[in-house]
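So the structure is just underneath, and the comments pick up after that.
What follows is calculated from the coordinates using simple rules that are stated; it is not laboratory data. Note that the structure is a prediction, hence the values are computed from the model and not measured. As a convention, Cβ positions derive from the backbone with ideal geometry for all residues, glycine included, and neighbour counts pool all protein chains shown.
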């Protein structure tokens, strides 16, 4: 039997990011995928700011941004009339170093991640399926079938199930996947257009139609998401472009001259009963699927990957207690449930045929949304929500303390230009290790406590603007490897700090 620390099942973006984080930390793992080759269609498109912050920690953000197309505004159209425009790039400034959304087709995205793994000497084992899992007390036995049909066995300390909505890992562990399916059938198409569209997202609403228009790199190219005509669904034949409900497109004056990829699908909304079963974990679509509202799906899966991967590194490499892994499920399942509930409400309003939904979609939203988008606080709330920079784990078992405007579990607020070299306070997060931050001056006692605990201490000169972000001068913030705050305390809270580190942190690497 082959042995490894982690078996990753599934090589979409979620599995690939899990693998990349582990590979850079030197953890032993294998990554397998049933598909014979990477995906060749664009599928998920949007990469949000929080994902880009994770990619900065992994050292690949510049390559990701160079491969994509960033857009900073979202437009709403109703019956062909422009009703609202939200400029995300404006309101995101000061929240993140990446105050925009990036368009990056999933096939391009995956190739980039695969190339990074290959540079580290890691290859995805393609055409390899997991036939059976046996979760034992101290490990998991997985029976694999390779591309030639040959069987093999691997023993892993942990299994990361990143194998999509039909997850074998989820089924093998007996985890339920409750939820439902929306009534409409939708299409997704990458198309050539008669004329250029601006580099902004457009959402068009009509009486019985919904269309989202994303810009793609290249002249006169776009991604369309919309609804299939109800009459076409009754026909006993494959669906195609002629079956698209095109009222919204016609009202916008958009003419499609070529269809490069077309697919139809039903949208589901489901969250697994558990995200952990013994030594097996569920990530991405294996644990949660929901509507495409806000482009949250792939980014949420990548968030799952980072959350689990850093904890695996701490347990496997650095001797952290196994209990650290218990925090994965409560942190990520709570967000997944909120996300599914939120996107469900928005999606029903945008797509349902009922009289109430049509009234809200065509009468209420066009009036209220422009008003909301004129309010700066509302625009910033929208950016923080869509960008996933507002995700917090305040009720997590590994979140301890509250001071000023910050609570343990919050994402570390981003501070630009904290030193004479023009660095921000996220620069040290590239270490992907526990560290202490002090905004102001660390006391000699705190410096000594951090030195004894072998906890890196980073001090930033105090600036008045830091208070607006929630910081308290001279307080101590223990930052987790994923950039969330784990512990908050006054500079004199040395005993609680030592107890926290003793409880949750592994030894030094």
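Between residue 395 and residue 3, the distance separating the two model label sites (each 7 Å from Cα on the Cα→Cβ line) works out to 4.0 nm. First check a/c for segment 179-269, with a ≥ b ≥ c the square roots of the eigenvalues of its C-alpha gyration tensor; if it is under 1.5, answer rounded, and if not, answer prolate when a/b is larger than b/c or oblate otherwise. Because a/c hits 1.5 or more and a/b exceeds b/c, segment 179-269 counts as prolate. Against the chain, whose longest principal axis comes from its Cα atoms, helix 13-25 is set at around 20 degrees. Label sites at residue 372 and residue 235, each approximated as a point 7 angstrom past Cα along Cα to Cβ, lie 3.7 nm apart. Estimate the FRET efficiency between residue 323 and residue 447 by the formula 1/(1 + (r/R0)^6), using the beta-carbon distance for r and 30 Å for R0, to the nearest 0.05. With a Förster radius of 30 Å, E is 0.55. In the chain, the DSSP beta bridges split such that about 70 percent are antiparallel, to the nearest 5.
The length gained by stretching the chain between residue 131 and residue 67 to full extension, at 0.36 nm per residue less their Cα-Cα distance, is 19.4 nm. As a proxy for reagent exposure, ranking 487, 281, 460 by other Cβ atoms within 10 Å from fewest up yields 460, 487, 281.
Computed from Cα atoms, the angle from the helix 106-119 axis to the main principal axis of the chain rounds to 30 degrees. Stretching the chain fully between residue 259 and residue 166 yields a gain of 30.6 nm (0.36 nm per residue, less the alpha carbon separation). Across segment 402-504, the fraction of Cα-Cα pairs farther apart than 19 Å, rounded to a whole number, is 35%.
Helix 49-58 and the long axis of the chain differ in direction by around 50°, with both axes built from C-alpha atoms.
Structural descriptor for the chain: relative contact order 16 percent, calculated from alpha carbon pairs under 8 angstrom and at least 6 residues apart. Between residue 79 and residue 360, the distance separating the two model label sites (each 7 Å from Cα on the Cα→Cβ line) works out to 2.0 nm.
Note on segment 318-466: the alpha carbon radius of gyration divided by the globular reference 2.2 N^0.38 Å gives 1.43. To the nearest 0.05, what FRET efficiency results for residue 152 and residue 115 with a Förster distance of 35 Å applied to their C-beta separation? After rounding to 0.05, the efficiency reads 0.85. The order of the peptides 59-71, 8-20, 167-179 by mean Cβ neighbours within 10 Å, most packed first, is 8-20, 167-179, 59-71. Within segment 187-231, whose backbone N sits under 19 Å from a point 7 Å along Cα→Cβ of residue 268? Correct set: 187-188.
At full extension, residue 338 and residue 423 could sit 27.2 nm farther apart than now, given 0.36 nm per residue minus the alpha carbon distance.
Specify the inter-centroid distance of segment 51-123 and segment 295-312, based on alpha-carbon positions, in whole Å. Comparing the Cα centres of segment 51-123 and segment 295-312, I get a distance of 15 Å.
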